[in-house]
Amino acid sequence: MNVGNLFQDVNISELMKKLDILGDNGNLRNEEQVAIIQAGTVLALCEKWLKQIEGTEAALTQKMLDLEKEKDLFSRQKGYLEEELDYRKQALDQAHLKIQELEATLYSALQQEPGRRASEALSEGQRGDLQAAVEKVRRQLLRQSREFDSQILRERMELLQQAQQKIRELEDKLEVQRRHLKELEEKRLVHLQ
């Protein structure tokens, strides 16, 4: 039962009118007139309090909806970041495979039979220098790709941690709002009894 239903269940203005009619009765004793005035004051305060609860309930409901939307947004962003990280990881893996293929091709070309052009053009020392240079470039490319991969991973992990922290904060806020709304509902029910 929300506050709107409460106004339908109890019509405070009708009660106030009945109290006014009762108060206008000249046959009442002083104590009875004081009781009617006090009841009118209590009803006026109840009406004011119920309007405040209705406003608070509407604000809390809207805040809960906003928090849920924000939580969903961060969850989607986290998913997008995970997908992007997977895509970049696959791209780096493909780059590693391509490097290995090129190394194999180059190594194969360097190990050709003595009658082929590549081995004729290169002396034994030149082949060694070329292999050392290829190995150096390979190590450099692998190191750079690992550094790039690590940097991307660190950045994505940082963004994921920020998103997870924000989600936790939003869940905490949402839980506080739910408890507050439940407390207001319980107070209202206690005052109705």
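Put one equal scatterer on each alpha carbon of region 142-183, apply the Debye formula with no solvent term, and list log10 I(q)/I(0) at q = 0.13, 0.16 1/Å to two decimals.
The computed values of log10 I(q)/I(0) come out as -0.47, -0.55.
Rounded to the nearest 20 Debye, what is the dipole magnitude of the chain about its Cα centre when Lys and Arg each give +1 and Asp and Glu each give -1 at the C-beta?
In debye, rounded to 20, the chain gives about 520.
Could you work out which residue, out of 32, 47, 171, moves most in a Gaussian network model of the chain, that is, has the largest mean-square fluctuation with Cα springs under 10 Å?
Of 32, 47, 171, the most mobile in the Gaussian network model is 32.
Less than 15 Å from a label point 7 Å out along the Cα-to-Cβ axis of residue 165: which backbone N atoms in region 67-100 qualify, by residue?
No residue passes the distance filter.
Mind checking the alpha-carbon convex hull of region 13-88 and giving the volume per residue in Å³?
Normalising the Cα hull of region 13-88 by residue number yields 62 Å³.
Probe radius 1.4 Å, ligands and nucleic acids left out: which of 64, 16, 157 has the largest accessible area, and how do the rest follow?
157, 16, 64
Kindly report, to the nearest 10 Å², the accessible surface of residue 173 as traced by a 1.4 Å probe over protein heavy atoms only.
About 100 Å², ignoring ligands and nucleic acids.
Which label belongs to the value computed from this structure, given these candidates for Cα extents along the principal axes in Å: [x] 133, 21, 18; [y] 95, 38, 30; [z] 44, 40, 33?
Identified label for the calculated read-out: [x].
As I understand it, the value is the acute angle between the Cα axis of helix 30-110 and the longest principal axis of the Cα atoms of the chain; what does it come to in degrees, rounded to 10?
10 degrees
The values are calculated or read from the model by the stated rules, or taken from the named source; none is laboratory data. Note that the structure is a prediction, hence the values are computed from the model and not measured. So basically every Cβ, Gly included, is an ideal-geometry build from the backbone, and we count neighbours across all protein chains shown. In case anyone asks, the SASA skips ligands and DNA or RNA and just uses the protein heavy atoms, side chains included. Shrake-Rupley method; radii C 1.70, N 1.55, O 1.52, S 1.80 Å.
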